[in-house]
Amino acid sequence: MQQCLRTSQQPLDLARARRQHAGYVAALRELGLEVEVLPALDICPDAVFVEDTAVLLGRRALITRPGAPARRAEVASVREALARTNQFDIHEMTAPARLDGGDVLRVGSRLFVGMSARTNADGVDRLAKLAVREGLSTQTVAVDAGLHLKSAVTAIAETTVIVDAQQLDPRPFQQLGLEVIEAQEPAGANVLALGSTIVVSASAPQTAAHLEARGLCLVRVELDQFHLADGALTCLSLRTAAAGTWCC
Ligand code: CIR
C-alpha cells in the first residue's frame with residue numbers, strides 16, 4: 001500500500017493501516033456478515049481497494065477494467081475469488097471501456113455511475129447493458145471533485161442517500177424523489193448501510209452523531225490510513241446480498 005496512487009503527501013503508517021483493516025473486517029463479522037479476506041498482492045499497492053475491481057449485480061459479476069492502468073493487474077485475483085464462490089456468472093469489460101467500482105452507486109433499482117477521471121462512457125455502456133438484465137436502470141452523474149462518485153455519496157436506505165454537498169450537487173438526487181442527508185465531514189458521505197445499522201468512518205464523528213439522532217445504529221471504524229490513500233470505507237470490500245434482498 002505504501003506505493004499506492006494518492007494525492008496526499010502525508011506518510012502512511014502501514015502497521016496502523018493493517019490494524020485498521022483488521023478492525024474493519026472484525027466490525028463486519030460482528031454484524032453477522034461472512035467475510036472472505038483475499039491475500040495481499042505485493043505487486044499491486046492499491047489492491048486493498050477491491051470495490052473498484054468488480055460490480056456485483058445479483059448473480060452477475062462484472063469484472064471492471066480499472067481507470068488507472070497501474071490497477072489493472074488487480075482484477076485477476078478478484079475474478080478468481082468470485083469464480084470460486086460459484087455464486088456468479090462472470091462478465092468481462094474490455095478496452096476502450098474503463099470503470100472503477102467506486103463510481104457505481106446502487107440505490108434501490110437505480111444505478112448511478114460517476115463520470116470521474118477513472119470511468120468513461122464505454123465503461124458505463126458496458127455496465128448499463130448488464131444492469132438492464134437485472135432490472136436496473138443506469139444514469140450518469142458528473143464527478144468534478146474527489147476520486148469517485150462514492151467518495152461523495154452513498155445510500156443509507158433504498159430511498160435515502162448521504163451526500164457531501166461540498167463535493168457533489170445533491171439536487172439530481174432530490175429531483176428523483178430521493179431523500180438527501182448532508183454529510184458533516186467528507187468521510188461521512190461514504191457509509192455502508194446494513195439495514196438500520198450504518199458503518200461509518202471514525203473520521204466523520206459529526207455525521208455519525210447526526211445519523212444516530214435519526215435513530216440509526218452506528219458502528220464506527222478507524223480508517224484514517226485508507227483516507228490518506230484516497231480510499232473510502234466502502235472501497236475496502238465487495239458486498240453481495242442474499243437472493244431477493246438489496247445491498248448497497
Ligand atoms: C486509487 O487511487 O485508486 C486508490 N488509491 C484509492 C481507491 C479508492 N477506491 C474507492 O474509493 N472505491
Residue count, region 42-55 (criterion: over 11 Å from the mean Cα position of the chain (by Cα) and surrounded by 15 or more Cβ atoms within 10 Å (Cβ to Cβ)): 5
Matching strands (runs of 3 or more DSSP E) fully within region 127-180 where at least 3 residues are more than 15 Å from the ligand (Cβ to nearest atom) and not small (G, A, S): 137-142, 160-163
Long-range neighbours under 6 Å by Cβ, at least six apart or interchain, first residue more than 16 Å from D103 (Cα to Cα) within region 58-74, second assigned to a helix (DSSP H, G or I) and open to solvent by 10 Å² or more (accessible area, probe 1.4 Å): none
Test result for R106, outside any helix (DSSP H, G or I), in contact with a Leu (Cβ under 8 Å, 6 or more places away or on another chain) and crowded, with 17+ Cβ neighbours inside 10 Å: yes
Test result for A117, within 16 Å of the ligand (Cβ to nearest atom) and open to solvent by 60 Å² or more (accessible area, probe 1.4 Å): yes
Residue check, R171 more than 23 Å from L14 (Cα to Cα), free of Cβ contacts under 8 Å to residues at least 40 places away in the same chain, open to solvent by 60 Å² or more (accessible area, probe 1.4 Å) and not small (G, A, S): yes
Residue pairs meeting the criteria (Cβ under 7 Å; at least 6 apart or on separate chains; first among the aromatic types (F, W, Y), in region 122-150; second open to solvent by 70 Å² or more (accessible area, probe 1.4 Å)): none
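The values are calculated or read from the model by the stated rules, or taken from the named source; none is laboratory data. Nothing here was measured: the structure is a model prediction, and the numbers come from that model. Positions of Cβ are generated from backbone atoms using ideal geometry, with glycine treated the same way; all protein chains shown enter the neighbour counts. The protein model used for the area step is the full one, side chains on, heavy atoms only, and it has no ligands, DNA or RNA in it. Shrake-Rupley method; radii C 1.70, N 1.55, O 1.52, S 1.80 Å.
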